[in-house]
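Down below is the structure, laid out as C-alpha cells.
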Amino acid sequence: MSSLPSDTSPTRVEHQHTDKGYVPVYTTAVVEQPWDAYTAVDHDVWAQLFQRQRELLAGRASDAFLAAQDAMGMTPDAIPKFDELNDILQRATGWTLVGVEGLLPELTFFEHLANRRFPVTWWIRKPEQLDYLAEPDLFHDLFGHVPLLMNPLFADYMAAYGRGGVKAHAIGPEALVNLTRLYWYTVEFGLIREAGGLRIYGSGIVSSKGESLYCLDSDAPNRIGFDLERIMRTRYRIDTYQKTYFVIDSFEQLMEATEPDFAPIYARLASQDSYPAGNVLDRDRVFHRGTGEGWAGDADF
Ligand code: PHE
Ligand code: CO
C-alpha cells in the first residue's frame, strides 16, 4: 500500500477538462485510512451528519438500507475505522473497503468493484459543507454506499456492475454513457417501492438532507417505474436535484433486469436519441408526474 497523508486534506494530483467540466484528478493509489489524523472537527462533522440523516431517513430510507446500516454497527460517536467495518463486511458478503483520495478513473473504479473492493474517500467535508459538496467525501461513500454492501443481493449487483463496467469500457465511450446512467439512476439516486410507500436506497440521496426530502416529498420531480433501456437513454444532472427518480419494485427486479448481456442493448441504443432528464414518456409507469417547479432550464448530461 500506501502513502500516509500528512493532514486531513486530499492530495489533488492535477485538474482535467472533461465532458463533465473541470474536475480534480486524484492519485489512483489505495491509501491507508489515516484515522489518527482525523481532528475533533472531522469527528464532529461525521456525528452531525450521521444524526441528522438518521432522523430524516426513518420512514424515508428503505428498510434494507436502515437494517444494513444497523448491522454494520456504524454510530455517530466517531468516524468508523475501515478495518473494523471490513471485519463485519467481509464476513457478511465478501466485500472490502479500500481508502482512496477521491474519484477514480472509470476503469480503475470498475476493477475495484468487480473484485468486491469498494473505494471509500478517506477525508470528510468541512463544517461549512454539511449541506452540499460537489464531489464524494467520506460521509457520502461510507454512510451512503457502504451499508447496502451488507445486503447479499445488492452486494452481488455492485460486483456485477463492476464486471459490466470493465466490459462496457472495452466496447466504447457510448456504452459507458449508457451504463453510467444506470448507476446514476439506481445506485446513486434509486427509489424502491415498499409496503409503506416509496423509499430511498440511492447513496446520493441518503447522504443529502435536501434531496432526501425533495425526492419523496416534493411534487416537482417525476417518479417513474424502473425500465432498463429507458434509464440507459435518460440524461441526468450532476449539479442539481434530479428531475426524475426511477422506482424499483425490489432488489430482485434490479438483479433480473441487469442479468442479460448488455452488448446487444448498447448496439441498439447507439442509433437512438437520449431523453432529457425531465421527460415523461407515454409508456412510462408513472408513480408521480412532476410539476417541474424550480427545474433548471439548462441542459443535462
Ligand atoms: N449484464 C451486464 C452486462 O452484460 C452487467 C451488469 C450487471 C451491469 C449488473 C450492471 C449491473 O454488461
Ligand atoms: Co456515490
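The values are calculated or read from the model by the stated rules, or taken from the named source; none is laboratory data. All values derive from a computational prediction rather than experimental measurement. Don't worry about glycine lacking a Cβ; one is built from the backbone with ideal geometry, like all the others, and counts go over all protein chains shown.
The residue of the range 181-191 that is nearest to residue 253 (Cα to Cα), among those that are within 12 Å of ligand 2 (Cβ to nearest atom) and assigned to a helix (DSSP H, G or I), is 186.
For the structure I just gave you, tell me whether residue 132 is closer than 20 Å to residue 186 by Cβ, among the hydroxyl-bearing types (Ser, Thr, Tyr) and either in contact (Cβ under 8 Å) with a residue 60 or more places away in the chain or within 14 Å of ligand 2 (Cβ to nearest atom) (or both). It is false that residue 132 is closer than 20 Å to residue 186 by Cβ, among the hydroxyl-bearing types (Ser, Thr, Tyr) and either in contact (Cβ under 8 Å) with a residue 60 or more places away in the chain or within 14 Å of ligand 2 (Cβ to nearest atom) (or both). If only residues of the range 115-167 that are in contact with a helix residue (DSSP H, G or I) (Cβ under 7 Å, 6 or more places away or on another chain) and of a type in the set (S, T, N, Q) are counted, the one that is farthest from residue 202 (Cα to Cα) is 121. For the range 165-199, the set of residues classified as of a type in the set (Lys, Arg) and either more than 15 Å from ligand 1 (Cβ to nearest atom) or free of Cβ contacts under 8 Å to residues at least 12 places away in the same chain (or both) consists of 193, 199, listed by residue number. Here residue 107 fulfils each of the conditions (1) over 16 Å from the mean Cα position of the chain (by Cα); (2) more than 21 Å from residue 45 (Cβ to Cβ); (3) within 16 Å of ligand 2 (Cβ to nearest atom) apart from (3).
Cβ separations smaller than 8 Å between residues 6+ apart or across chains give the following pairs from the range 282-301 residues that are at pLDDT 95 or above to residues that are of a type in the set (Ser, Thr, Tyr): 290/244.
Scanning the range 129-164 for residues that are modelled with pLDDT of 95 or more, more than 14 Å from ligand 1 (Cβ to nearest atom), more than 12 Å from the chain's Cα centre (by Cα) and over 22 Å from residue 90 (Cβ atoms) yields 129, 130.
Here residue 106 meets each of (1) away from ligand 1 (no atom under 11 Å from the Cβ); (2) touching a residue at least 24 places away in the same chain (Cβ under 8 Å); (3) surrounded by 18 or more Cβ atoms within 10 Å (Cβ to Cβ) with one exception, condition (3). Could you please find all residues in the range 197-253 being more than 16 Å from ligand 2 (Cβ to nearest atom), under 25 Å from residue 68 (Cβ atoms) and aliphatic (A, V, I, L, M)? Matches in the range 197-253: 198, 213, 216, 228, 231, 247, 248. Checking each residue in the range 118-140 for being surrounded by 22 or more Cβ atoms within 10 Å (Cβ to Cβ) and in a helix (DSSP H, G or I) picks out 138, 139, 140. Just to be sure before I move on: is residue 256 outside any loop (DSSP other than H, G, I, E, B), within 23 Å of residue 60 (Cα to Cα) and not small (Gly, Ala, Ser) in the structure I sent? Taking the combined requirement at face value, the residue does not satisfy it.
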